[in-house]
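Reading through the structure tokens given below for one structure.
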Amino acid sequence: MGKTTEHRTTEHQPSAGWHAAIDRFLAYLAIERGASPHTLEAYGHDLRDFVVHLERRQIGQPEQLVAADASSFLQVLHGRGLSVRTRARRLSAIRSFCRFLVREGWLPQNPLEDVRPPRLPRTLPRSRSVEEILELLRDDPRDDLFLRRDKTMVELIYAAGLRVSEAVRLRLAEVNLEAGFVVVTGKGSKQRVVPIGLYAQERIRSYLSEVRPHLARGKATNFLFLSRRGRPLRRWHVARRLMLLVRRAGLTGKLSPHTLRHAFATHLVERGADLRAVQGMLGHANISTTQIYTHVAMEHLRAVHRKYHPRA
């Protein structure tokens, strides 16, 4: 029985060679690329899952890796019922890992360079109308401290197109209400400056003077948004509180913090905003990521054309 337990343990652990390679890769991402803890956790999970697959194929060292190993791994993931997007993300992580192995001399060349990722469906970002966002933010004299905090966060995420991770990490010194902008630290620790409108500025002022001091409980902390214990909020907490606002507003369907970010970009593009400007505010490294919103804009224009053109 002891032997069986030992075998099960080693079956799901990378070999010494793989273990060392993964650790060095994650250290490289953290130190040289400034990857967030969330990104490191995701890469670590994906790579260790890949290594379990490799060791079942008796591939114990990086230099034994060939393209067929990645292809067979994608087939396994498909058999597990994982989405096309998830499988493509896993392959992207493995390719990055292999490029690192080549750079460090563990591999002579990247054996996965020609492995094609699964074709991603071209889907439009899910958004909400301006009217729905306004309903979500409607003031209610019965709102307690926590609901006022929640609406302030929603207002800011929508005003600046923030990722939820960026919103919960935002610090007091990064909010300039006089000039009307926030300094956001995004992926790869890259900073960007995003303007915020008067509504967001006023709601943040009210939150800072009337709500945050009660949440801070006398503790010295420089995070903007705080929990009932005076600590920074967690991402899952924001998502849960947002759904509470959705129910209270009488809206239907699911609405996530990322939906607010999509709404920010969608509403800008629909009103004629320059795509490069939207890219900069969203913090997209590549314009191709932002270009999906051109499809949103075209749908909007088609709807206007159908409604108003006499020959539509």
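The values are calculated or read from the model by the stated rules, or taken from the named source; none is laboratory data. Quick caveat: nothing in here was measured; it's all calculated off a predicted structure. Cβ placement follows ideal geometry from the backbone for every residue including glycine, while neighbour counts extend to all protein chains displayed.
Points worth noting:
- Of the residues making up segment 226-245, those that are more than 20 Å from the chain's Cα centre (by Cα) and surrounded by fewer than 19 Cβ atoms within 10 Å (Cβ to Cβ) are Ser227, Arg228, Arg229, Gly230, Arg231, Leu244.
- Filtering segment 167-198 to residues that are modelled with pLDDT of 95 or more, assigned to a helix (DSSP H, G or I) and not hydrophobic (A, V, I, L, M, F, W, C) leaves only Glu174.
- Residues that are charged (D, E, K, R) and within 16 Å of Leu156 (Cα to Cα) within segment 235-264 comprise Arg235, Arg241, Arg261, listed in sequence order.
- Filtered residue count, segment 34-47, keeping only those that are in contact with a helix residue (DSSP H, G or I) (Cβ under 7 Å, 6 or more places away or on another chain) and free of Cβ contacts under 8 Å to residues at least 60 places away in the same chain: 5
- Output for segment 246-261, where each listed residue is of a type outside the set (Gly, Ala, Ser) and either on the phi > 0 side of the Ramachandran plot or exposed (fewer than 12 other Cβ atoms within 10 Å of the Cβ) (or both): Arg247, Thr252, Lys254
- Selection count, segment 148-170, where residues are out of contact with any strand residue (DSSP E or B) (no Cβ under 8 Å at 6 or more places or on another chain) and within 14 Å of Arg212 (Cβ to Cβ): 5
- Filter result for Leu156 (buried (at least 19 other Cβ atoms within 10 Å of the Cβ) and not in a helix (DSSP H, G or I)): no
- Taking segment 1-65 and the helices (runs of 4 or more DSSP H) fully enclosed by it, the elements with 2 or more residues that are surrounded by 12 or more Cβ atoms within 10 Å (Cβ to Cβ) and modelled with pLDDT of 80 or more are at 16-31, 37-56.
- For segment 78-92, a residue qualifies if it is surrounded by fewer than 19 Cβ atoms within 10 Å (Cβ to Cβ) and either under 19 Å from Ala27 (Cβ atoms) or not β-branched (Val, Ile, Thr) (or both), and the qualifying residues are His78, Gly79, Arg80, Gly81, Leu82, Ser83, Arg85, Ala88, Arg89, Ser92.
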